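Colleague: Dumping the structure here so I can ask a few things about it.
Where a number appears in this text, it was derived from the coordinates with a stated rule and is not lab data. Just so it is clear, the model here is predicted, and its values are computed rather than measured. Counting neighbours? That spans all protein chains shown, and the Cβs are built from the backbone with ideal geometry, glycine included.
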Amino acid sequence: MEWGVGNTVTDGAAVEPKKSRAGRNLPAAIAVGATLGVALILILIYVPMVWIGVVAVAIAVASWEVSHRLRDAGYAIATVPLIVGGQAMIWGSWPWGTTGVLVAFTATVLVTMVWRLFMHVTDEHGHKNYLRDCSATVFVTAWLPLLASFGAMMVTQAHGSGRVFTLMIVVVCSDVGGYVAGVLFGKHPMVPAISPKKSWEGFVGSLVFGTAGAILTVEFLLDTHWWVGLILGPVLVICATLGDLVESQVKRDLGIKDMGTILPGHGGIMDRLDSLLPSAFIVWAVLTALL
């Protein structure tokens, strides 16, 4: 989510769809976001366990997107172990919790090492970039399915739907607060070398909106003390911002704007998960510790 620094207006002969300061087709982005939001709300209210399947499908697509982009950049990603192992982590979190996730993650790492050892032999001297490619696959495995497993796991806990709603509501509040404050007041770039349009003013807006959203959410959805939200809000906003910056840096390294094109106005599935993935772990950890 970009937080609005440095807007320019140019005259042109052609009329294009209205875009946000992040360069997106704003009407399409709003329509897609609203549709996905309503669908997720209905799922969590009426069939909450379907949430695990939603996470599994989203991560499978996102893993393929990231793997494809890395392959285009010359990395020999172990795509099959990545996707299959990712599914094992997410579905294993249902009956076995963190133990199932840890076992599946470890198995995926081991399979990746062996898979890369016997695949993609380049010449008679052996394998080229074995360490680099294994490291990249393990990084993506930890970045996507491992973090997502904590988001899937929350729905199996007490007040499971409320915990997932807390994750989504606080992240949305953070994004909205950052966007509004960035557009209205953004003048000081936060990390221009990574994400030129993020501003410190936008970050403050995210902190204010995200913390307010966390306090209200834990009080009314989780029926717990307001100070839990006071702790959760700032920590989640910081991690969500860092998650966004991590993906921005990866895309900058690869020389691309988006990881995919499946969602009009948003890019790929991974482009919507960048801040949600670390946030899922934070919400799981904080609420597990304090509730």
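Colleague: Cα centroids of the stretch 92-117 and the stretch 243-285: how far apart, whole angstrom?
Modeller: Here the two parts' Cα centres lie 23 Å apart.
Colleague: Which helices of the chain meet both criteria: a Cα extent of 27 Å or more along the helical axis and a mean Kyte-Doolittle score no lower than -0.5, with helices taken as whole DSSP H segments?
Modeller: 26-46, 50-72, 79-118, 160-185, 200-220, 226-254
Colleague: I would also like to ask the following. Between G186, W284, V237, whose Cα lies farthest towards the positive end of the dipole of the stretch 159-291 when Lys and Arg beta carbons carry +1 and Asp and Glu beta carbons carry -1, centred on the Cα centre?
Modeller: The residue sitting farthest along the positive end of the dipole is G186.
Colleague: Treating only the Cβ of Lys, Arg, Asp and Glu as charged (+1, +1, -1, -1), what charge dipole size does the stretch 159-291 show about its Cα centre? Round to the nearest 20 debye.
Modeller: Dipole magnitude for the stretch 159-291 comes out near 240 debye.
Colleague: Report the full-extension gain for the segment L36 to V57: residue separation times 0.36 nm, less the Cα-Cα distance, to one decimal in nm.
Modeller: Contour length minus Cα-Cα distance gives 6.2 nm.
Colleague: Also: With springs connecting C-alpha atoms under 10 Å apart, model the chain as a Gaussian network and identify which of V54, V237, V208 has the largest mean-square fluctuation.
Modeller: Of V54, V237, V208, the Gaussian network model singles out V54 as fluctuating most.
Colleague: Moving to a separate point now. Jot down the per residue volume, in cubic angstrom and as a whole number, of the convex hull over the alpha-carbon atoms of the chain.
Modeller: Residue-normalised Cα hull volume stands at 132 Å³.
Colleague: Name the residues whose placed amide hydrogens come within less than 5 Å of the amide hydrogen of V191, ignoring near sequence neighbours (fewer than 5 apart) on the same chain.
Modeller: Result for V191 returns K198.
Colleague: How much length is gained on full extension from S135 to F118, taking 0.36 nm per residue of separation minus their Cα-Cα distance?
Modeller: Full extension of this stretch gives 4.5 nm more.
Colleague: OK, next. Any chance you could list the semi-axes, whole Å, largest first, of the equivalent ellipsoid that the Cα gyration tensor gives for the stretch 183-291, using √(5λ)?
Modeller: So the three semi-axes of the stretch 183-291 are 28, 17, 12 Å.
Colleague: Just how many pairs of Lys in the chain have C-alpha atoms closer than 30 Å, counting pairs that are eight or more places apart or on different chains?
Modeller: Lysine pairs meeting the criterion: 20.
Colleague: Computed FRET efficiency, Cβ-Cβ of D253 and I45, R0 30 Å: what is it to the nearest 0.05? Before the final figure, lay out each step's value.
Modeller: Working: r = 40 Å, r/R0 = 1.34.
Plugging the Cβ-Cβ distance into 1/(1 + (r/R0)^6) gives 0.15.
Colleague: Also: With the chain treated as a Gaussian network of Cα nodes joined by springs under 10 Å, which of T211, T261, T141 yields the largest mean-square fluctuation?
Modeller: It is T261.
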